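The structure appears right after this line, and notes come after that.
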Amino acid sequence: MSQSEAGARDIRVLIVDDQTLVRMGFRMLLDAEPGIEVIAEAADGAEAVRIASAQKPDVVLMDVRMPGLDGIAATAEILRLSPGTRVLILTTFDLDEYAFGGLRAGASGFLLKDTRPTELLAAVRAVAAGEAAISPRVTRRMLDLFGARMPAPQGGPLETLTPREHEILLAIGEGLSNGEIGERFVLSESTVKTHVGRVLMKLELRDRVQAVIFAFEHGLVG
């Protein structure tokens, strides 16, 4: 396995799509990028689950519309078998209601198949680092589709948040990145990461995507 310039282990990627040419295009792009290694390809969800279970990739690029086991079911199963893996959903349409189900299943991001190469590479690196890769526009649309929001609860896990952590949760709910949150509250990015980590821990949420859903479902943002 090659090593990145910083000496860290490469980000290991599994590409899942039923179209050979799509997989080939993603592989060519990712293999040319230092610090990223494509370890395997899969043509359907069942194959993806088998490979992910055995090889534990860091990131899975997951098509959702495939014959047999679809990408949503495959995402849920992969995350059950390999909790450390992150999934990026791939779709043709930015308002694909079917694809949003993948985010609800635990995926960490949402990408269009015609996403610019720089954005794809940035998304792979972001989710590998534990962040989400969803634009605010897609976040808002996704949560609109999830239905009615519950009223803000009294007590419960929200009471464990400090005022600053509550502000951070609201900002995550708006779809802001760590850098944007830092600019809003005049905090360093490392401090923001610390706050985000505490919010996720206290609310028992897996990642930022779940934090966004939590904020909307509890009426904190709208």
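The values are calculated or read from the model by the stated rules, or taken from the named source; none is laboratory data. Quick caveat: nothing in here was measured; it's all calculated off a predicted structure. Positions of Cβ are backbone-derived with ideal geometry, glycine not excepted, and every protein chain shown enters the neighbour counts. Ligands, DNA and RNA are excluded from the accessible area calculation, which covers all protein heavy atoms including side chains. Shrake-Rupley method; radii C 1.70, N 1.55, O 1.52, S 1.80 Å.
Accessible surface area normalised per residue over segment 155-218 is 47 Å², counting heavy atoms of protein chains with a 1.4 Å rolling probe. With both labels modelled 7 Å from their Cα along Cα-to-Cβ, the Lys113 to Arg65 distance reads 0.8 nm.
For segment 11-146, the fraction of C-alpha pairs more than 20 angstrom apart is 36%. For the pair Arg125 and Leu81, the difference between a 0.36 nm per residue extended length and the Cα-Cα distance amounts to 13.7 nm. Rolling a 1.4 Å probe across the protein heavy atoms gives segment 7-106 an accessible surface of 41 Å² per residue.
Expressed as a whole percent, the accessible surface of segment 155-218 that belongs to carbon and sulfur atoms is 53, based on a 1.4 Å probe.
Protection proxy ranking for 121-134, 43-56, using the average of other Cβ atoms within 10 Å per residue and placing the highest first: 121-134, 43-56. By the gyration tensor of its Cα atoms, with a ≥ b ≥ c the square roots of the eigenvalues, what is the shape of segment 68-132: rounded for a/c under 1.5, prolate for a/b over b/c, or oblate? Since a/c reaches 1.5 but b/c is at least a/b, the shape of segment 68-132 is classed as oblate.
Residue separation of Glu159 and Met201 scaled by 0.36 nm, minus their Cα-Cα distance, works out to 13.8 nm of gained length.
Rounded to a whole number, what % of the accessible area of segment 11-146 do carbon and sulfur atoms account for, probe 1.4 Å? Accessible surface attributable to carbon and sulfur in segment 11-146 totals 55 percent. Modelled spin-label separation between Glu174 and Arg27, with each label point placed 7 Å from Cα along the Cα-to-Cβ direction: 4.3 nm. With a Förster radius of 30 Å applied to the beta-carbon distance between Arg50 and Thr92, the computed FRET efficiency rounds to 0.75.
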